[in-house]
Amino acid sequence: MSEKEQLTELKEYVDRKNCEIGLVNPYACTIVEGLYGWVNASDTWEGPLADEESEYTKGEIDALIAVFAGLSDDLATAIANAESSEESD
């Protein structure tokens with residue numbers, strides 16, 4: 001199996017897992033927006049400190065989403081680079 005094929009297989013796996021957890025398009029994902037809403041909700045915890053914790057949690061979730069999206073993007077770049085390397089050989 002070539003490097004390009006291995007990278008493509010890995011990217012497909014990462015993309016499939018991102019879909020399974022609701023990160024199909026992590027930058028426009030409505031499922032993820034609800035993940036931090038429980039921090040400041042009437043049935044759990046409300047108030048100024050809860051507002052701060054909700055914002056902190058949102059930042060942490062957004063950072064995690066960026067890692068998952070970035071991995072897929074990095075794999076796409078590696079695949080393109082592998083194609084260039086194979087063509088020049």
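The values are calculated or read from the model by the stated rules, or taken from the named source; none is laboratory data. For clarity, every value in this text was computed on a predicted model and none was experimentally measured. Cβ atoms come from the backbone with ideal geometry, glycine included; neighbour counts cover every protein chain shown.
Brief remarks on what is shown
- Residues in segment 20-27 include none that are among the hydrophobic types (A, V, I, L, M, F, W, C), assigned to a helix (DSSP H, G or I) and at pLDDT below 85.
- Within segment 1-19, considering residues that are under 13 Å from Phe68 (Cβ atoms) and either of a type in the set (Ser, Thr, Tyr) or in contact with a Phe, Trp or Tyr (Cβ under 6 Å, 6 or more places away or on another chain) (or both), the one modelled with the lowest pLDDT: Asn18
- For segment 28-66, filtered to residues that are in contact with a Ser or Thr (Cβ under 9 Å, 6 or more places away or on another chain) and in a helix (DSSP H, G or I), the residue that is modelled with the highest pLDDT is Ala50.
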